[in-house]
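The values are calculated or read from the model by the stated rules, or taken from the named source; none is laboratory data. Please read all numbers here as calculations on a predicted model, not as lab measurements. Cβ: placed from backbone, ideal geometry, glycine included. Neighbour counts: every protein chain shown.
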């Protein structure tokens, strides 16, 4: 069956979702409040780096996928409405639902027209959010789920840099549902995807997402704490120790070794925000999760730990080159990245002769942070020649073997990569 779908919010998750449904021959409307993003998408250009998604956009723009600014008109013709807007962290780590509420406001009046739809919260929200905050918000508008529409949640499990691959070859689809009709429609919508479909309660759907992300955050912090212990003990080959750990057959060739490996802390959009949100939600409900508290605290110490290592060998007058600005290789996402924290701490410590190079994220980083006293280099060779000391912050493949070029070159490897 061919459905019509509206996707509100065209960031990593929303645009991937929209184009995946277009790829499955559904009709998709996409909207976003950022006019520059909409202009880029209309022109067939991705507003961020995502392999595979760029070709999908060219295939489907103005065919199965149409960009619009009129959410009410799009929703009026749709069977499904996917909310893929941001849920940034509030002052206490809680998820800010402002954008979700605003999205609902933009089309709520349409839900009285008699056409049955499924409203799907794909934005990441803490467990109990759909049932305790979104459903009541709709009820205040005179809208009761199950009568004229269904409400569900559908967490995403996408890795930045591999969003398209993860969406089109998903390992599981999870939908938290509030009624049988919504579940049936979602099963039909996702029937074209060759993977297990799990229908669970609303709270369970949300919980599974946080179960995944907080585990990843915990493993990263565990590895970082062990690297600190190794340095305290001394004469421990940290890189080799973790690589040997990964040979344990119980790991089964999985990618978890990417998380149980030391570095300068987890970053990006999801792990910091979701770990804080889960911690905040647990405290709100009356339980203080000490492990998550310590995971967050440990992660917060890692940039300063790396800066301390730099300061031990570098003078403020030295030219220091930062290798890598994105929060991980394969992405131009610089949100909550370790590089920004390290650079900020260096600047606060009086280190003003800083250079930086990232294969794809120089411009994004400069737009996001606007640091003074930084010179951006156009190539690895350029920053290598100009810098007296190099600090490897993001483990891009391009940086592999750089320590072999000149044994006398001082390099602080914050990722235990070289």
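Spot the failing condition for residue 36; the list is (1) modelled with pLDDT of 95 or more; (2) in a helix (DSSP H, G or I), and only one is missed.
(1)
Look through 232, 275 and report the one residue that is outside the structural domain of residue 324 (by TED's automatic domain parsing) and not in a loop (DSSP other than H, G, I, E, B).
232
Among the numbered conditions (1) more than 26 Å from residue 15 (Cβ to Cβ); (2) modelled with pLDDT under 95; (3) touching a helix residue (DSSP H, G or I) at 6+ places or on another chain (Cβ under 9 Å); (4) assigned by TED's automatic domain parsing to the domain that holds residue 13, tell me where residue 160 comes up short.
The failed condition is (1).
Can you tell me which residue among 385, 360, 322, 375 is surrounded by fewer than 18 Cβ atoms within 10 Å (Cβ to Cβ), assigned to a strand (DSSP E or B) and modelled with pLDDT of 95 or more?
Step by step, each of 385, 360, 322, 375 is checked, and only 375 is surrounded by fewer than 18 Cβ atoms within 10 Å (Cβ to Cβ), assigned to a strand (DSSP E or B) and modelled with pLDDT of 95 or more.
Looking at segment 103-130, I want the residues that are over 30 Å from residue 269 (Cα atoms) and have a partner that is part of a helix (DSSP H, G or I) with Cβ atoms under 6 Å, at least 6 apart or on another chain. Which pairs are those?
From residues that are over 30 Å from residue 269 (Cα atoms), the pairs are 110/72; 110/75; 110/76.
Can residue 270 be described as over 16 Å from the mean Cα position of the chain (by Cα) and either free of Cβ contacts under 8 Å to residues at least 12 places away in the same chain or surrounded by 14 or more Cβ atoms within 10 Å (Cβ to Cβ) (or both)?
no
Do we find that residue 58 is modelled with pLDDT of 95 or more and either over 25 Å from the mean Cα position of the chain (by Cα) or within 28 Å of residue 25 (Cα to Cα) (or both) in this structure?
In short, yes.
Can you tell me how many residues within segment 72-85 are in contact with a helix residue (DSSP H, G or I) (Cβ under 6 Å, 6 or more places away or on another chain) and surrounded by fewer than 19 Cβ atoms within 10 Å (Cβ to Cβ)?
Selection size over segment 72-85: 2.
Can you name the number of the only condition in (1) surrounded by fewer than 14 Cβ atoms within 10 Å (Cβ to Cβ); (2) part of a helix (DSSP H, G or I); (3) touching a helix residue (DSSP H, G or I) at 6+ places or on another chain (Cβ under 9 Å) that residue 210 fails?
(1) is the only condition that residue 210 fails.
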